[in-house]
């Protein structure tokens, strides 16, 4: 699963074309990336 998460995070370099990214409102981080059962929070 770790390799899948790393691949998804590396795909963030192409932000406009990312899937499963949601903008967060009223949260410390600006975006959420869903990778299976895991969530990656980032700005």
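The values are calculated or read from the model by the stated rules, or taken from the named source; none is laboratory data. Given the structure is predicted, the values throughout are model-derived calculations rather than measurements. Methodologically, a virtual Cβ is constructed for each residue, glycine included, from the backbone with ideal geometry; neighbour enumeration extends over all protein chains shown.
Pairs please, first residue from region 1-28 and over 16 Å from residue 43 (Cβ atoms), second anywhere and at pLDDT 85 or above and in a helix (DSSP H, G or I), Cβ atoms under 8 Å, 6+ apart in sequence or on different chains.
The qualifying pairs are 20/8.
Among the residues of region 3-24, write down those that are within 11 Å of residue 35 (Cα to Cα) and surrounded by 13 or more Cβ atoms within 10 Å (Cβ to Cβ).
Hits for region 3-24 are 5, 8, 9, 20, 21.
Tell me which of these residue 38 doesn't satisfy, since it passes every other one: (1) touching a strand residue (DSSP E or B) at 6+ places or on another chain (Cβ under 9 Å); (2) touching a residue at least 24 places away in the same chain (Cβ under 8 Å).
All conditions pass for residue 38, except number (1).
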